[in-house]
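Below you'll find the structure, written out as structure tokens, and then a few comments.
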Amino acid sequence: MATSHPVVLAPVDTLLRHELEPWARLVEQRLEAGNRVVTLFGRLDRSGGVLTTAVVERAEGELEVLRGQAAPQASFASLTPRFPAVQMFERELWEQTGIVPDGHPWLKPVRYEGARQQHMRDHPFFSVRGQEIHEVGVGPIHASVIEPGHFRFMCHGEQVHHLEVQLGYQHRGVEALLLTRPARALAPLVEVIAGDSSVAYGWGYSAAIDALAGTTAGSAADVVAGIALELERVAMHLATLAGLMADVAFLQGGATYGRLRTAIINRTMRICGSRFGRGWLRPGGPRFGLTDHLRNDLKATLAAFSRDMAEVNDLVVSSRTVRARLRGVGVLTRQVALDLGLVGVAARASGVAVDTRVAQPGALYSGRPVVALTEPDGDCWARARLRMREVDESVRWIASVLDEPDLHRPGTNRRVRGAVAPLQPDTVCVSVREGVRGPVVQVLETGGDGRLVHYKVQDPSLVNWFGLALAVRNNDISDFPICNKSFDLSYCGNDL
Amino acid sequence: MFKSIKVRTSQGRQYIADPRRAEPVGFRAAPHVSSTPCEAGCDACVEVCPTQAIALCQGADAVRIDLGRCVMCGDCIAECPTGTLSASSVFKLAAAERQGLMVGTARPVPEPLQVSAALHQRFGRSLKLRSVSSGGCNACELEMHALSNVNFDIGRYGIDFVASPRHADGLVLTGPMTRNMASALQLCWDAMPAPKFVIAVGACAISGGPFDGSEALERGFLEQFAPTLYVPGCPPHPLTFVCGVLDLLGIES
Ligand code: SF4
């Protein structure tokens, strides 16, 4: 069986250019066949037209690139009414290119970029009519130390009928900035797209540049990057669990998960200098390898960590108050998760086994498989339990590769300049990495001179936010904080 | 109950006894500039720096680094052929003036902060902070959040993050300041009662950092309300924040 790869190169001249409507029908056929749309977006052409791109995951995890072309302001019959999984993609396509998905039920800007900045009032919120219906607006600034976003609840008494998540406050113009700097020097910018996923982004970007340059970082380099990614996953799951425990006032759990996270990120810092794994991965391979000393240090840390983690998990899971607060709250059924095309933890906690480390294992995970864990119930409890189990699985995976040879090699604090050969011209490169929230998708396209003409960034949160909106329906509004924390989605990853 | 005691026992003592004397092993701070002369004509560091934090000049202060821009990526260190730039884990980097973040050959680290008598008197025993992220990538936010965990535990110094701006003395600003957040930020600031001050946290808040030059930013707020404390880093180590505030307010540790 051929191995599906997390990085795919598609020379532009091998891609058929479909007219807009036939392109949309092609995507529709794929959706009908049960394939997943990984991303879908457009870009302005130099001639003023629009080029559209859809990346579809076919059976066996193969990634297919479908290209369309359209005149400015052209429209096509929206796929959203039949396939809500593409609703955010269509909204973004419209916002970024002006192409209109006709019949989209809720065509609103995703993040109010460009000329629409600060124009959030131009689009009213969804309104629910009826006696005793009232609205509650929260944010953009929230009570805690977190990123901004606006949540508008349509409530009947204490019960939420509908939640509209209005983001965009974090919009920094990332995609435009990425095109203003040299393609191979983007790592420090890519690492701050969503800073809690620096490794997933940094690795995905580096792998894309390597592929476009026709080089491979090598097996040891891949393993080191894989370790970096799992350390990031463990740290962020712990941050979520700590927050969740604080939200249900189970303070001992919060304090313990918090200090366990400290141990993990400090270990990451010992290896690469940053508690967030920044500066670790670059085109050409990791800048820091694992010397014997670091390797033993990491082993000892993980051994002690696993013990304490098991202990606190046991305490939390057996606590009646925690169960009472999280069970049956914020339920997202498997069918809804499938319909919305949810990814990552949000999908897996509803019983949908999607994980790009399994679907596109490449050389790294083929020989060193990861188990895609799921929970059946789709409630806050399931998302919390899944995070606990994923932490264990990540630790297991790291332990299983730590004794591989040559892990110290990729290091040597390599120089950055001149490390990469020229990039292959006129090529679309799709790069996917399974970050803590799900697949971090980056699609780079080079022009005739090998420079980047487009850089599409897609955080898993873009599609998953709507999952949160549906999960809180018919729940008490007071349960929103724990629902939100149990998903723990990225604001800046959505807003770019 | 027994489970709880077990977890408590394993927890042990986690707090950092004296943040001023902590040793964050492996932390990569901004590069240290030594007096070793550069190779003639070499500008490798300038070329490689992602945030234009480095300037090369003639004379005694040959290499200058703006900590307000530096994201501590270490790329310049890897490029430096003479070892003029080397790794450092000095975390006491906060400054009370923007100019104080300029380091280099002549002054490799910022001057120690002077205690502000006025701030000491007002907030030395109790400082309430309101965090506003304006385009922050969640790294600064997580580090600010970590300040209240069992390791850094700033509550013991009377420093807390509060929910309402009405209760806040200081505004902790993270992120490069997006246009879409401009009015919310202003509202929050206006809702804070005087006396109040701004703490700019991270390269983004201080200078725009890696996002400097983006059309989507609106940094006018800082021109009106200059920060009282600058905490550099990407993200800053929590210790940089703790020590900065303790030093500025003259709080014992
Ligand atoms: S460490 Fe700082 S000065 Fe050096 S290249 Fe990185 S951002 Fe620039």
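Every residue, every condition in (1) under 29 Å from A:Ser486 (Cα atoms); (2) among the polar types (S, T, N, Q), yes or no:
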site: A:Ile193; (1), (2): yes, no
site: A:Ala200; (1), (2): yes, no
site: A:Ala207; (1), (2): no, no
site: A:Ala211; (1), (2): no, no
site: A:Thr216; (1), (2): no, yes
site: A:Glu230; (1), (2): yes, no
site: A:Arg233; (1), (2): yes, no
site: A:Ala239; (1), (2): yes, no
site: A:Ala242; (1), (2): yes, no
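Select from region A:95-113 the residues that are open to solvent by 10 Å² or more (accessible area, probe 1.4 Å) and in contact with a strand residue (DSSP E or B) (Cβ under 8 Å, 6 or more places away or on another chain) and list them in ascending order. Across region A:95-113, the qualifying residues are A:Gln96, A:Thr97, A:Gly98, A:Val100, A:Asp102, A:Gly103, A:Leu107. Does B:Val46 qualify as being open to solvent by less than 20 Å² (accessible area, probe 1.4 Å), over 26 Å from B:Cys243 (Cα atoms), more than 8 Å from the ligand (Cβ to nearest atom) and outside any loop (DSSP other than H, G, I, E, B)? No. The helices (runs of 4 or more DSSP H) found wholly in region A:179-257 and carrying at least 1 residues that are more than 11 Å from chain B (Cβ to nearest Cβ) occupy A:198-213, A:219-247. Applying the criterion of being among the hydroxyl-bearing types (Ser, Thr, Tyr) and more than 26 Å from B:Ser10 (Cα to Cα) to the residues of region A:283-333, the residue that is nearest to the other protein chains (Cβ to nearest Cβ) is A:Thr291.
Among the listed residues B:Ser4, B:Ser35, B:Ser10, which satisfies the condition of being in a loop (DSSP other than H, G, I, E, B) and either of a type in the set (S, T, N, Q) or free of Cβ contacts under 8 Å to residues at least 60 places away in the same chain (or both)? Lay out the reasoning, then the answer.
Working: B:Ser4 fails: in a loop (DSSP other than H, G, I, E, B); B:Ser10 fails: in a loop (DSSP other than H, G, I, E, B).
The match here is B:Ser35.
When region B:5-18 is limited to residues that are at pLDDT below 90 and open to solvent by less than 70 Å² (accessible area, probe 1.4 Å), the one that is nearest to the ligand (Cβ to nearest atom) turns out to be B:Ile16.
State yes or no: is A:Arg181 of a type in the set (D, E, K, R) and within 16 Å of the ligand (Cβ to nearest atom)? It is true that A:Arg181 is of a type in the set (D, E, K, R) and within 16 Å of the ligand (Cβ to nearest atom).
A single member of A:Ala384, A:Ala469, A:Ala399 is assigned to a helix (DSSP H, G or I), open to solvent by 50 Å² or more (accessible area, probe 1.4 Å) and touching a residue at least 24 places away in the same chain (Cβ under 8 Å), and it is A:Ala399.
Taking the condition of being within 14 Å of another protein chain (Cβ to nearest Cβ) and of a type outside the set (Phe, Trp, Tyr), how many residues in region A:62-113 meet it?
Residues of region A:62-113 that are within 14 Å of another protein chain (Cβ to nearest Cβ), as a first pass: A:95-96, A:109-113.
Narrowing the set further to residues that are of a type outside the set (Phe, Trp, Tyr) leaves A:95-96, A:109-111, A:113.
Count: 6.
Taken across region B:193-204, residues that are within 11 Å of another protein chain (Cβ to nearest Cβ), more than 16 Å from the ligand (Cβ to nearest atom) and surrounded by 23 or more Cβ atoms within 10 Å (Cβ to Cβ) do occur, with at least one present.
More than 20 Å from the chain's Cα centre (by Cα) and of a type outside the set (A, V, I, L, M): which single residue out of A:Arg58, A:Arg30, A:Arg91, A:Arg36 fits that description?
Numbers: A:Arg58 fails: more than 20 Å from the chain's Cα centre (by Cα); A:Arg91 fails: more than 20 Å from the chain's Cα centre (by Cα); A:Arg36 fails: more than 20 Å from the chain's Cα centre (by Cα).
Checking each option against the conditions leaves just A:Arg30.
Residue-level check: of (1) within 14 Å of chain A (Cβ to nearest Cβ); (2) within 16 Å of the ligand (Cβ to nearest atom); (3) open to solvent by 40 Å² or more (accessible area, probe 1.4 Å), B:Asp153 misses just (2).
Would you be able to say whether some residue in region A:138-145 is assigned to a strand (DSSP E or B), open to solvent by 10 Å² or more (accessible area, probe 1.4 Å) and at the interface with chain B (Cβ under 10 Å from one of its Cβ atoms)?
Looking only at region A:138-145, we keep the residues that are assigned to a strand (DSSP E or B), and these are A:138.
Right, trim to open to solvent by 10 Å² or more (accessible area, probe 1.4 Å) and you get A:138.
Now restrict to residues that are at the interface with chain B (Cβ under 10 Å from one of its Cβ atoms): none.
Taking every residue of region A:138-145 in turn, none turns out to be assigned to a strand (DSSP E or B), open to solvent by 10 Å² or more (accessible area, probe 1.4 Å) and at the interface with chain B (Cβ under 10 Å from one of its Cβ atoms).
Among the listed residues B:Asp75, B:Asp66, which satisfies the condition of being open to solvent by less than 40 Å² (accessible area, probe 1.4 Å), in contact with a helix residue (DSSP H, G or I) (Cβ under 9 Å, 6 or more places away or on another chain) and free of Cβ contacts under 8 Å to residues at least 60 places away in the same chain?
On the way: B:Asp66 fails: free of Cβ contacts under 8 Å to residues at least 60 places away in the same chain.
When all the criteria are applied, what remains is B:Asp75.
Please specify each residue of region B:95-107 satisfying the condition of being more than 15 Å from the ligand (Cβ to nearest atom), out of contact with any Phe, Trp or Tyr (no Cβ under 6 Å at 6 or more places or on another chain) and at pLDDT 90 or above. Of everything in region B:95-107, those that are more than 15 Å from the ligand (Cβ to nearest atom), out of contact with any Phe, Trp or Tyr (no Cβ under 6 Å at 6 or more places or on another chain) and at pLDDT 90 or above turn out to be B:Ala96, B:Glu97, B:Arg98, B:Gln99, B:Gly100.
Pairs please, first residue from region A:114-127 and within 10 Å of another protein chain (Cβ to nearest Cβ), second anywhere and surrounded by 15 or more Cβ atoms within 10 Å (Cβ to Cβ) and among the aromatic types (Phe, Trp, Tyr), Cβ atoms under 8 Å, 6+ apart in sequence or on different chains. Close Cβ pairs (under 8 Å, with a partner that is surrounded by 15 or more Cβ atoms within 10 Å (Cβ to Cβ) and among the aromatic types (Phe, Trp, Tyr)) amount to A:Gln118/A:Tyr112; A:His119/A:Tyr112; A:Met120/A:Tyr112. The sole residue among A:Ala235, A:Ala217, A:Ala221, A:Ala255 that is at pLDDT below 95 and either farther than 24 Å from B:Pro50 by Cα or among the basic types (Lys, Arg) (or both) is A:Ala255. Residues that are buried (at least 24 other Cβ atoms within 10 Å of the Cβ) and more than 7 Å from chain B (Cβ to nearest Cβ) within region A:167-178 comprise A:Leu167, A:Val174, listed in sequence order. When the criteria are applied in full, A:Gly289 meets the requirement of being more than 25 Å from A:Val371 (Cα to Cα), in contact with a Gly (Cβ under 8 Å, 6 or more places away or on another chain) and assigned to a loop (DSSP other than H, G, I, E, B).
Kindly indicate which of B:Asp212, B:Asp190 is within 14 Å of chain A (Cβ to nearest Cβ), open to solvent by 30 Å² or more (accessible area, probe 1.4 Å) and more than 16 Å from the ligand (Cβ to nearest atom). I'd like the intermediate steps shown before the answer.
On the way: B:Asp212 fails: more than 16 Å from the ligand (Cβ to nearest atom).
On inspection, the qualifying residue turns out to be B:Asp190.
If we keep just the residues of region B:63-82 that are near the ligand (Cβ under 7 Å from one of its atoms) and at the interface with chain A (Cβ under 10 Å from one of its Cβ atoms), which is nearest to A:Gly284 (Cα to Cα)? Filtering first and then ranking leaves B:Asp75.
The values are calculated or read from the model by the stated rules, or taken from the named source; none is laboratory data. From a predicted model like this one, the values you see are computed outputs, not experimental measurements. Every residue, glycine as well, gets a Cβ built from its backbone with ideal geometry; the counts of neighbours run over all protein chains shown. The protein model used for the area step is the full one, side chains on, heavy atoms only, and it has no ligands, DNA or RNA in it. Shrake-Rupley method; radii C 1.70, N 1.55, O 1.52, S 1.80 Å.
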